[in-house]
Amino acid sequence: SHVMATPSSTSTFVHLFEWSWADIANECEAFLGPQGFKAVQISPPNEHIAGEQWWTRYQPVSYELTSRGGNRAQFIDMIKRCKAQGIDIYVDAVINHMAHGNGISIAGKTYGNKQYPIYEPKDFHKPCAIKSEDYVNDAWRVQNCELVGLHDLDTDSPRVQTTIAGYLNELVKLGVAGFRLDASKHMPAKDIAAILKQLQHSPLIFQEVIDQGGEAITADTYLNNGMVTEFKYSVKLSHVFKKGRLASLKGFEKDWDLMPSDKAIVFTDNHDNQRGHGGAGDIVTFQDGKLYELANVFMLTYPYGYPKVMSSYNFNGDTDAGGPTEQVHQSDKLNCNDQLWQCEHRKPYITGAMRFRAQTGKSQSIQHWWDNDKNQIAFSRGDLGFVAINRGSQVMNVTLQTGLPAGVYCDELSRTSANDCSGKTVSIARDGKANIALKPMDALAIHRFAQVN
Ligand code: AAO
């Protein structure tokens with residue numbers, strides 16, 4: 001049976017949303033490999049409908065590896081160059097449905113309704129539409145009717161399952177190490193299981209299931225297939241940082257009714273909810289500046305789930321807009337700035353928190369939790385690391401037990417690389433205590449492997 005690869009507790013991956021294959025290969029070599037990221041989630045690489053909107057990538061017309069991201073040769077080159085840097089590639093697999101619309105023209109050939117190079121009308125469910133109340137009342141309709149008019153594949157049919165497995169196996173053979181299974185809620189878990197059983201090797205699997213509670217279909221029915229997106233984490237963490245009290249994070253793992261940590265893909269925001277798609281609340285995004293960085297510091301320094309850092313582009317309020325026409329890696333410059341590609345993964349506090357996770361992931365225990373009952377918190381990671389976050393409006397200045405041996409430690413967030421001590425330092429006395437001083441909207445993260453000797 002399908003044994004799924006599982007990530008280690010030291011890993012972080014990044015969603016390079018709408019980045020081209022050439023840009024991703026360059027980023028693996030220029031940044032992601034040297035800094036120690038684990039993997040990249042790429043946008044759907046299969047042939048999709050034409051159009052400038054980002055979401056045309058979620059309307060497949062075939063499983064040919066030609067898309068806005070690049071052609072097959074560029075796709076293969078990206079995998080090779082990223083793998084050489086120790087970076088895995090996770091493909092966003094859109095396998096629940098094909099494009100909307102009656103008749104698609106591909107490479108000059110026009111196909112009839114639900115006719116595609118790889119599918120024909122009998123491969124699809126009857127065209128009923130999912131209504132929003134179905135999510136609460138009618139699991140059958142959610143899994144057999146059309147999501148926003150997209151032709152719903154009959155994933156129960158062995159012929160369809162074999163075609164999908166063929167696509168995934170081709171990608172695995174090319175070196176793909178994992179899959180995001182798009183719209184998994186709209187496929188019965190048993191259909192996904194039947195497809196995964198046909199997979200060679202053991203790619204990492206995570207299933208997109210938006211579950212805030214209260215619906216007919218729940219995320220836990222998918223846990224036997226592999227990992228699942230934990231959207232409660234995104235919604236609730238966003239709320240705490242935007243409107244709540246950080247002190248309430250002390251018991252979040254129990255309070256939020258989350259799935260088991262080793263099954264959870266966690267993120268502050270994703271490509272849907274950062275632009276109001278996928279229906280969920282007031283989400284923290286790159287538009288929240290320093291607050292967004294602090295939310296990511298919490299996610300990355302706290303040992304719950306497998307974290308995905310969102311890497312976005314400025315869509316100037318147009319929630320349908322595709323990415324910038326400028327490449328990220330231009331010959332003479334890097335287009336990471338407020339106007340174009342946001343490159344959240346390159347923000348020093350987020351990169352530093354990823355490095356802290358890599359250094360402390362082996363210790364899953366949280367000790368010496370401290371908070372001021374408002375928006376200042378601190379905790380240690382066993383005797384490996386110590387984190388403090390001040391989201392408050394007052395200076396934080398308090399002597400705390402860090403759980404670490406005496407010494408002078410380099411703050412991983414404010415130093416410019418893993419090889420210097422150019423940022424803050426923290427002196428810990430023989431009793432493990434240190435004075436922790438942070439301005440408002442600041443944080444620090446120290447660990448055993450970054451000390452001034
Ligand atoms: C585009 C156009 C459409 C057009 C369609 C066909 O926008 O107007 O009809 O083409 O021509 C993306 C875009 C879509 C786009 C689509 C295809 O988001 O706008 O449609 O590509 O081009 C549901 C699914 C979930 C899905 C999410 C967007 O369950 O899987 O909708 N996400 C994935 C991808 C996404 C992609 C697709 C799927 C399709 O990440 O990028 O769509 O491949 C509840 C349910 C959720 C449901 C949401 C939204 O959630 O729990 O399962 O997500 O509703 O329908 C409150 C809200 C409630 C919300 C709940 C939980 O209670 O009231 O709505 O919170 O968050």
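Would you kindly find the accessible area of residue 157, with a 1.4 Å probe and non-protein molecules such as ligands, DNA and RNA excluded, rounding to the nearest 10 Å²?
20 Å²
Hey, got the dipole for the chain? About the Cα centre, +1 on K and R Cβ, -1 on D and E Cβ, debye to the nearest 20?
Around 1140 debye, computed over the chain.
Take every DSSP beta bridge with both residues inside region 36-187 and express the antiparallel ones as a percent of the total, to the nearest 5.
40 percent
Provide the percentage of antiparallel DSSP beta bridges, counting only those with both residues in the chain; round to the nearest 5.
60 percent
Can you give the accessible area of residue 170 in Å² (nearest 10), computed on protein heavy atoms with a 1.4 Å probe?
60 Å²
Using a Förster distance of 41 Å, how high is the FRET efficiency between residue 29 and residue 257, based on the Cβ-Cβ distance and rounded to 0.05?
Efficiency computed from Cβ-Cβ geometry: 0.50.
Using a 1.4 angstrom probe, figure out how much accessible area region 347-453 has per residue, in square angstrom, rounded to the nearest whole.
For region 347-453, the per-residue accessible area is 42 Å².
Of 374/439; 236/374; 236/290, which sit over 21 Å apart, Cα to Cα?
Among 374/439; 236/374; 236/290, the Cα-Cα distance tops 21 Å for no pair.
Past 31 Å, Cα to Cα, is the threshold; run 263/347; 190/232; 83/114 against it and keep the listed order.
Beyond 31 Å: 83/114.
Give the ranking of 201, 15 by solvent-accessible surface, highest area first, calculated with a 1.4 Å probe.
My answer, sorted largest first, is 201, 15.
Could you tell me the distance between the Cα centroids of region 354-384 and region 120-191, to the nearest Å?
Distance between centres, Cα-based: 40 Å.
Rounded to the nearest 20 debye, what is the charge dipole size of region 106-195 about its Cα centre when +1 sits on each Lys and Arg Cβ and -1 on each Asp and Glu Cβ?
200 debye
Any idea of residue 421's accessible area? Nearest 10 Å², probe 1.4 Å.
50 Å²
Could you tell me what percent of the accessible area of region 13-360 is made up of carbon and sulfur, with a 1.4 Å probe and every protein chain present?
The computed percentage sits at 49.
Along the charge dipole of region 13-360, Cβ charges K/R +1 and D/E -1, which of 231, 104, 117 sits furthest on the positive end?
231
Using only the alpha carbons, work out the radius of gyration and Dmax of region 13-360 in angstrom.
Every Cα atom of region 13-360 included, Rg and Dmax give 19.5, 60 Å.
Name the lysines eligible as straight-distance cross-link partners of residue 362: C-alpha to C-alpha under 16 Å, and not fewer than 8 places from it in the same chain.
The reachable lysines, counting only those whose Cα sits under 16 Å from residue 362, are 38.
The values are calculated or read from the model by the stated rules, or taken from the named source; none is laboratory data. The structure displayed is predicted, hence computed values, not measured ones. We place every Cβ from the backbone using ideal geometry, glycine too, and count neighbours over all the protein chains shown. The area values use the complete protein model at the heavy-atom level, side chains included, leaving out ligands, DNA and RNA. Shrake-Rupley method; radii C 1.70, N 1.55, O 1.52, S 1.80 Å.
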